[in-house]
Amino acid sequence: MRKLILFFFMLLLAGCEPRALIQSPVTTRHEDSSTAAGQWEEISRMPTARSEMPVAVVDGKFYVPGGFLGLSTLEAYDPATNVWETLASLPQGRHHTMAAGHNGKVYVFGGAQETSWLPTNTTWIYDPIADSWSEKTPMPETRMSGAALALGDFLYVVGGVGGTDALLRYDPSVDRWDALATLPQHREHLAAVVFENELWAIGGRQSRGTLTSIDIYDPEIDAWRAGPPMLEARSGHGAAVVNGKIIAIGGEVLDRQPWQVLATAEIYDPVTGWTILPDLPVGLHGLPVTAANGNVYTLGGSDRAGAIENQGRVLVFEGIRD
């Protein structure tokens with residue numbers, strides 16, 4: 001019995017469930033045509049189809065480290081040329097890591113070990129010029145299934161499991177970590193963005209279920225406040241900022257039956273609030289999302305709720321209005 005309980009706990013924690021145990025219908029809905037003029041288009045496939053991994057943007061390229069079915073893999077995508085390249089492998093295989101780009105480097109934090117599923121506290125830095133990795137001072141606690149962001153001179157790790165709910169800040173100039181204000185509520189498998197010089201922790205899940213809520217961190221006063229909730233509860237989703245708006249895309253819902261993978265997307269405008277975007281062509285979760293040149297990109301992800309079924313799709317949406 002203990003082994004069975006541990007098994008289901010690990011599955012819920014990681015969002016990885018065998019197909020035979022679940023059903024996962026795709027949730028879609030019709031968009032409000034007043035919010036966007038375009039549609040999603042598949043433009044590429046990843047060389048290594050993966051899910052439950054982050055993306056970090058450096059000098060216009062998208063760096064994708066680790067993840068299910070590509071644990072040690074680092075690949076970079078250039079949206080200007082629509083070309084992928086394979087780079088130096090991670091020091092160890094990881095999934096559910098957190099990553100961000102800062103001053104020409106890729107920072108990868110924590111994540112789950114390849115075989116034990118235990119969260120880690122490592123700080124790895126990838127140098128694109130040298131195509132090599134280095135290791136710095138570890139985080140003060142272990143984390144996986146959170147999010148990493150760069151703002152100003154610092155990098156931040158928000159949410160996740162394995163430690164506390166404190167916001168962690170890393171200063172690369174002195175290789176030092178600090179624990180800051182605690183999230184008002186626990187979040188893992190969340191998305192996060194920098195918006196108007198603040199950190200937005202968007203959705204995710206906890207023991208009470210999947211979240212629509214948002215917490216906003218003001219670095220000037222080291223304090224959180226509640227933000228405008230999404231229209232739909234999401235975990236394992238992605239988010240990005242484009243043209244002064246926040247986009248939240250895909251995800252999964254595991255706290256109701258049958259489990260669901262989401263094809264829906266929504267957009268936040270500070271003036272009008274959240275409205276609906278066109279659906280993805282397929283429901284996806286465990287997917288990194290980013291933006292470049294006014295376009296929104298999704299990279300890989302799994303198309304079955306709680307399962308590892310990766311097709312490596314690269315989708316782009318070009319219709320976000322200013």
Specify the residue with the greatest mean-square fluctuation among GLN260, GLN92, GLN311, computed from a Gaussian network of the chain linking alpha-carbon atoms under 10 Å apart.
GLN92
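If you only keep lysine pairs separated by 8 or more in sequence, or across chains, how many in the chain come under 29 Å at the Cα atoms? All intermediate terms of the calculation are to be shown ahead of the outcome.
Values: LYS61/LYS105; LYS61/LYS136; LYS61/LYS245; LYS105/LYS136; LYS105/LYS245.
Value for the chain: 5.
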Computed [θ] at 222 nm, helices only, for the chain once each DSSP H run of length n ≥ 4 contributes -39500 (n - 2.57):
-1500 deg cm²/dmol
Residue order, fewest to most surrounding Cβ atoms within 10 angstrom, among LEU183, LEU284:
LEU183, LEU284
Using θ = phi - 60° and the Karplus form 6.51 cos²θ - 1.76 cosθ + 1.60, what ³J(HN,Hα) does each residue of region 253-263 get, whole Hz, x for Gly and Pro?
10, 10, 9, 9, 9, x, 4, 10, 9, 9, 9
Within region 78-114, the residues whose backbone N lies under 14 Å from a label point placed 7 Å from the Cα of ILE129 along the Cα-to-Cβ direction are 103-106
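With a ≥ b ≥ c the root eigenvalues of the C-alpha gyration tensor of region 138-189, is it rounded (a/c under 1.5), prolate (a/b larger than b/c) or oblate?
On the way: a/c = 1.87, a/b = 1.67, b/c = 1.12.
Taking the square roots of the gyration eigenvalues as a ≥ b ≥ c, region 138-189 is prolate.
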Listed candidates [x] 25, 23, 21; [y] 44, 25, 20; [z] 37, 20, 17 - label of the one calculated as semi-axes √(5λ) of the Cα gyration tensor in Å
[x]
Taking springs between alpha-carbon atoms closer than 10 angstrom, which of ALA76, ALA226, ALA99 fluctuates most in the Gaussian network model of the chain?
ALA226
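Defining a contact as two alpha carbons under 8 Å apart and six or more residues distant in sequence, what relative contact order in percent does region 218-303 show? Walk me through the numbers on the way to the answer.
Details: 175 pairs, mean separation 22.6, N = 86.
The normalised contact order for region 218-303 reaches 26 percent.
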Relative contact order (%) - region 21-317, alpha-carbon pairs under 8 angstrom, separation at least six:
18 percent
Could you go through region 231-239 in sequence order and give the Karplus-derived ³J(HN,Hα) for each residue, using 6.51 cos²θ - 1.76 cosθ + 1.60 with θ = phi - 60°, rounded to whole Hz, and x for Gly and Pro?
6, 9, 5, 9, 9, x, 9, x, 8
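If you place +1 on the Cβ of every Lys and Arg and -1 on the Cβ of every Asp and Glu, how big does the dipole about the Cα centre of the chain come out, in debye to the nearest 20? Walk me through the numbers before you get to the answer.
On the way: 23 positive and 37 negative charges, 209 e Å.
So the dipole magnitude of the chain works out to roughly 1000 debye.
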Using R₀ = 45 Å, calculate the FRET efficiency as 1/(1 + (r/R₀)^6) where r is the Cβ-Cβ separation of GLN311 and ASP175; round to 0.05.
0.70
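A short reminder: the numbers here are calculations on the coordinates, not readings from a lab. The structure displayed is predicted, hence computed values, not measured ones. Glycine also receives a Cβ, built like all others from the backbone with ideal geometry; neighbour counts cover every protein chain displayed.
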